[in-house]
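The values are calculated or read from the model by the stated rules, or taken from the named source; none is laboratory data. The shown structure was predicted, so the numbers you read here are calculated from the model rather than taken from an experiment. Neighbour counts are summed over all protein chains in view; Cβ atoms, including those assigned to glycine, are modelled from backbone coordinates with ideal geometry.
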Amino acid sequence: MEKLTDALAARFASPTRSSRLTVVLGRWLGLSFLVCFATGLFSHGLQNPPSWMFFPTSPAWIYQLSQGIHVTTGLASIPLLLAKLWSVYPELLKWPPVRSLLHGLERASVALFVASSLLQVTTGLINTYKWYPWPFPFRETHYWLAWVITGSLVLHIAVKLPVILANWRRPGRGPAVTARAGDSEPAAAGRWTRRAFLAGVGTTAGVLVLTTAGQSFAWFDPLNVFAPRKMGTGPQSVPVNRTAEQANVKDQAMAPDWKLAVAYQGSRRMFSLAELRSLPQYAHELPIACVEGWSQTAQWRGVRIRDLVAAVGGPADAVLRVTSLEPEGAYRTMDMPTAYVQDERTLVALELNGEILDLEHGYPARIIAPGRPGVLQTKWLQSVEVL
Amino acid sequence: MKPTPGQVPASVPAAGPVGAPSRTVKIVRIVLIASGVAVISYGLLGLPTQLGAMQLVGLLAWLAGAVVLHDGVVVPLSTLVGAGLTRIGVGLRPASSAVLRGALMTGALVTLLVALLLKAQSVAQNVSVLEGQYAVALCWFWAALTLVTAAAIFVLQRRAPAAGP
């Protein structure tokens, strides 16, 4: 068996592989995973806030930035992950597969790390296409696997620490040299050097970023050819995530006798569309930024939410529960922490880019607040309740 | 949890590739192992709180499938392509060979991405998602990639061998 695996390993052998190559790729990949983890936790905290959660409303594009970085870095990590795994592939074929209990545990932890990393980046990518071919809920799985991956990363660094330290610096500069394909060594015939390989991986990641980041960041928009979203598309030049048809709200939202209920301590006031339009109107340029990474800045106009709270005698530090006309859906109700209620840019928007809000964007009225995930910018409002 | 920058280089000469690790390295490793195991456990124990039994089974199947697909198909296939490139590359200068490999790596990843986009587009329900002409864009991408790669290899091949890589 050992002969067989040795022969297999020889088939897969490449002089480009070295511990130094793996360490360099590991640094890039580890950093991208940590960036994804941090931005992912921020997004999760905004949607399922723990008691200590902070809610930054300025700059208004903070969520556009953090989630754009999350999705773009996740995409860039795909070539890094593939390259990193390629660099250690012969380890897979070593025989005997388990030498001791400790070795077995290490291999099991690596298997968990590899499997969850591959699944995380793949399902993360496909989720941005709004395609869900798997038999488990995306958000919850993505969240818990992120902990598994981050823990595995820390554990893996611990296990490999001596190798990492020995190869942290370029061979030839430090005293410890284990690399086989050094910078100064020429490539084996027809092969490529470590540096050339790294340049190839870097170029691949760069191309993926350049051709997709335009869905999150306007500067890259001209190069956006492979992202699922394009800025400036959709009704009123703003993309739509959940349509009125999907939400099953058309009849109620288009009803001529629609009214917005605003409630505080048992008292309730109903605002017709005409009444809302007669209140002082404010216009703000705010981005709508989705968990899937895309974002779109637009001109929103409507009533300040804090003015509505004041109209029913609610306190300045109110926390709100906002309900949509949607009969069902995970985001039918949304709780709004004080930070957004107090921010003067948080609107019950009636207009978008100078026109009456399109049905797809939440007609007759929707929420738009600075720095919140798109799913919390509730559309087709039914009621606002001061908690 | 991590060693300070000052400590890391200092421990390198003592540690060596497989030599006896220094005391600092030992402590750092123990702390990292303990916290790593704790964080993994938190994630693994969290999964069943939100996923049902059948969903967990589905997740396990997808995890295993990801590894099998990667280790059993993706890597062997890329190794096969790499072996072919090595044969072609023998006649090329090292820099040209590297450009060719890098271009194919980028092209392969972009093609994989577009394949997923096209599949998702075929099942999409929303009008303002996946609007791009991805297949057309991919053709243009390969045209540009081929052009740039060919030009780069042409220039590199014409240089005198004495110039070195």
Counting only residues that are of a type in the set (S, T, N, Q) and surrounded by 17 or more Cβ atoms within 10 Å (Cβ to Cβ), which one in the range B:102-125 is modelled with the lowest pLDDT? B:121
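Yes or no, residue by residue, for (1) part of a helix (DSSP H, G or I); (2) of a type outside the set (Val, Ile, Thr); (3) touching a His at 6+ places or on another chain (Cβ under 6 Å); (4) at pLDDT 95 or above:
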site: A:8; (1), (2), (3), (4): yes, yes, no, no
site: A:14; (1), (2), (3), (4): no, yes, no, no
site: A:20; (1), (2), (3), (4): yes, yes, no, no
site: A:23; (1), (2), (3), (4): yes, no, no, yes
site: A:34; (1), (2), (3), (4): yes, yes, no, yes
site: A:38; (1), (2), (3), (4): yes, yes, no, yes
site: A:41; (1), (2), (3), (4): yes, yes, no, yes
site: A:44; (1), (2), (3), (4): yes, yes, no, yes
site: A:51; (1), (2), (3), (4): no, yes, no, no
Filtering the range A:106-121 down to residues that are touching a residue at least 40 places away in the same chain (Cβ under 8 Å) and either closer than 13 Å to residue A:85 by Cα or within 8 Å of chain B (Cβ to nearest Cβ) (or both) yields A:109, A:110, A:112, A:113, A:117
Given (1) part of a loop (DSSP other than H, G, I, E, B); (2) crowded, with 17+ Cβ neighbours inside 10 Å; (3) modelled with pLDDT of 95 or more, residue A:135 misses just (2)
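Might you let me know whether the range B:61-78 holds any residue that is among the polar types (S, T, N, Q), modelled with pLDDT of 95 or more and assigned to a helix (DSSP H, G or I)? Before you say what the answer is, go through the steps one by one.
Kept after step one, since they are among the polar types (S, T, N, Q), are these residues of the range B:61-78: B:78.
Filter once more, keeping what is modelled with pLDDT of 95 or more: none.
Taking every residue of the range B:61-78 in turn, none turns out to be among the polar types (S, T, N, Q), modelled with pLDDT of 95 or more and assigned to a helix (DSSP H, G or I).
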Can you run down the residue pairs with Cβ atoms below 6 Å, 6 or more apart or on separate chains, where the first is in the range B:141-161 and over 14 Å from residue B:95 (Cβ atoms) and the partner is of a type outside the set (A, V, I, L, M, F, W, C) and at pLDDT 95 or above? B:145/B:107
Failed item in (1) within 30 Å of residue A:355 (Cα to Cα); (2) within 11 Å of chain B (Cβ to nearest Cβ), with residue A:194 passing the rest: (1)
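Yes/no per residue for (1) within 11 Å of chain B (Cβ to nearest Cβ); (2) in contact with a helix residue (DSSP H, G or I) (Cβ under 6 Å, 6 or more places away or on another chain); (3) in a helix (DSSP H, G or I):
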site	(1), (2), (3)
A:219	no, no, yes
A:227	yes, yes, no
A:230	yes, no, no
A:240	yes, yes, no
A:246	yes, no, yes
A:262	no, yes, no
Take the range A:43-68 and flag every residue that is buried (at least 18 other Cβ atoms within 10 Å of the Cβ) and free of Cβ contacts under 8 Å to residues at least 60 places away in the same chain. A:66
Name the single residue that is farthest from the other protein chains (Cβ to nearest Cβ) among those in the range B:102-151 being farther than 26 Å from residue A:233 by Cβ and in contact with a Ser or Thr (Cβ under 6 Å, 6 or more places away or on another chain). B:103
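Take residue A:86 and tell me if it is crowded, with 18+ Cβ neighbours inside 10 Å and touching a helix residue (DSSP H, G or I) at 6+ places or on another chain (Cβ under 7 Å). Reasoning before the result, please.
Working: crowded, with 18+ Cβ neighbours inside 10 Å: yes; touching a helix residue (DSSP H, G or I) at 6+ places or on another chain (Cβ under 7 Å): yes.
Criteria met by residue A:86.
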Tell me which of these residue A:98 doesn't satisfy, since it passes every other one: (1) assigned to a helix (DSSP H, G or I); (2) more than 10 Å from chain B (Cβ to nearest Cβ); (3) among the aliphatic types (A, V, I, L, M). (1)
Residue B:16 modelled with pLDDT under 85, facing chain A (nearest Cβ under 7 Å), within 24 Å of the chain's Cα centre (by Cα) and surrounded by 12 or more Cβ atoms within 10 Å (Cβ to Cβ): no
Spot the failing condition for residue B:129; the list is (1) modelled with pLDDT under 95; (2) surrounded by fewer than 20 Cβ atoms within 10 Å (Cβ to Cβ); (3) under 15 Å from residue A:131 (Cβ atoms), and only one is missed. (2)
Quick check, is residue A:135 more than 9 Å from chain B (Cβ to nearest Cβ) and not acidic (Asp, Glu)? no
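Out of everything in the range B:89-101 that is assigned to a helix (DSSP H, G or I) and more than 7 Å from every other protein chain (Cβ to nearest Cβ), what residue ends up being surrounded by the most Cβ atoms within 10 Å (Cβ to Cβ)? Reasoning before the result, please.
If we filter the range B:89-101 for residues that are assigned to a helix (DSSP H, G or I), which is where we start, we get B:89-90, B:94-101.
Right, trim to more than 7 Å from every other protein chain (Cβ to nearest Cβ) and you get B:95-96, B:99-100.
Working: B:95: 21, B:96: 21, B:99: 25, B:100: 21.
My answer is B:99.
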